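In what follows, a single structure is set out as structure tokens and then discussed.
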Amino acid sequence: MENSELKELIVNSLDSNADPAEAINRLQAEGVSFSFSEDVVGRVLDAVTATGLIALNDNDNDNEIAGSIRTIFYRIAIGGIAAILILFVSIVLSEGSFSLNSLLGLSNTYDESIISLLTGK
Amino acid sequence: MIGESYRDKDENELVRASLDGDKLAFGEIVRRNQGMVAKTVKGMLGNTADAEDIGQDVFVKLYRSLQDFRGDSKLPAYIQKIAVNLTLNEIKKRKRFLSVFARKDNSEMPHLEIADHDNERKRDASEIVSRALMSLSSKYRIVVTMRMLQGYSTKETAEMLNLPVGTVLSRLARAQSQLKEILKKL
């Protein structure tokens with residue numbers, strides 16, 4: 001294709017009724033192409049790694065920390081629940097029932113004893 | 001090199017793998033879209049070292065924002081928007097630079113001005129297109145790039161650039177008449 005024909009093609013590709021896909025195919029067939037230099041993939045990956053982005057790894061680290069905190073919390077919560085259950089069972093076994101007094105260890109104590117303990121008389 | 005296994009994966013799989021830290025999956029995304037980005041960036045900025053850097057920046061920015069990609073649009077369209085934004089930012093930077101360091105020079109790329117003395121030299125097709133594009137102002141160049149190099153329809157161009165369809169049509173018409181004059185000199 002002569003340069004004059006190519007120029008005509010360029011201008012005509014902008015016609016409002018022109019098919020953009022057809023125009024681009026014809027231009028490409030004439031050798032119109034734009035590309036980056038070789039190994040753009042390698043350069044991008046190097047840039048991504050160099051800027052410390054790789055992997056999302058900052059996010060992964062954040063996620064790991066959050067996951068560890070969550071695990072510790074669950075372990076503490078489960079341990080606490082188990083301790084409460086053991087306390088409840090031991091109270092029921094030792095006192096025969098569960099009440100506020102038995103929880104406070106006052107079920108077998110008379111009122112006078114409590115006054116005596118509190119006042120020293 | 002990127003393994004063959006990545007070539008079979010669709011874009012959503014590649015995005016997920018990239019988010020899991022798979023560099024090769026991200027490399028495959030770059031490989032698939034580098035041509036499209038090159039057309040936009042080099043069409044707008046010319047075949048310069050800056051354009052290579054901006055092309056690289058497009059993919060670095062993509063990597064940073066990959067978590068925000070929700071799959072509402074196609075990945076190439078998402079990448080194209082990043083490319084357009086970074087390229088337009090670069091053009092603004094160049095304009096600022098030239099406004100400070102160049103005297104009464106309205107050209108964004110003075111080194112690419114059309115020179116009549118080499119009219120007789122036969123240029124390859126890409127060079128003719130590149131020179132013609134660089135002779136247009138940026139607002140016309142972007143619509144021509146989208147249309148002529150990316151093959152976008154008027155509606156797609158309007159959506160990509162957040163412009164009304166009528167504006168795109170009028171810019172294409174003006175760009176076309178300017179190109180006729182420019183190409184006579186090339």
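Below is a table of values for the structure above.
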| item | result |
| --- | --- |
| Cα-based convex hull, chain A, per residue volume (Å³, whole number) | 337 Å³ |
| Length gained when the stretch B:D22-B:D10 is fully extended (0.36 nm per residue, less Cα-Cα span) | 2.9 nm |
| Unit Cα scatterers, Debye sum, segment A:3-50: log10 I(q)/I(0) for q = 0.22, 0.24, 0.26, 0.30 Å⁻¹ | -0.74, -0.83, -0.92, -1.10 |
| Computed over the protein assembly as shown, the ratio Rg/Rh where both radii use C-alpha atoms and Rh is Kirkwood | 1.39 |
| Over segment B:1-68, volume per residue of the alpha carbon convex hull, in Å³ | 91 Å³ |
| DSSP H segments from chain A that extend 30 Å or more along their own axis, Cα-based, with Kyte-Doolittle mean of 0.0 or above | A:57-95 |
| Computed [θ] at 222 nm, helices only, for chain A once each DSSP H run of length n ≥ 4 contributes -39500 (n - 2.57) | -22500 deg cm²/dmol |
| Ranked A:R75, B:R147, B:R70, criterion: other C-beta atoms within 10 Å, fewest first | B:R70, A:R75, B:R147 |
| Within straight-line cross-link reach of B:K81, lysines at Cα separation under 24 Å, skipping those fewer than 8 residues along the same chain | B:K9, B:K23, B:K39, B:K42, B:K61, B:K92, B:K93, B:K95, B:K139, B:K155 |
| Segment A:59-119: equivalent-ellipsoid semi-axes (sqrt of 5 x gyration tensor eigenvalues, Cα, Å) | 43, 14, 5 |
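Just so you know, all these numbers are worked out from the coordinates, no wet-lab data involved. This one's a predicted model, so the numbers in the text were calculated from it and none came from an experiment. Heads up, the Cβs are rebuilt from the backbone with ideal geometry, glycines too, and the neighbour counts pull from every protein chain shown.
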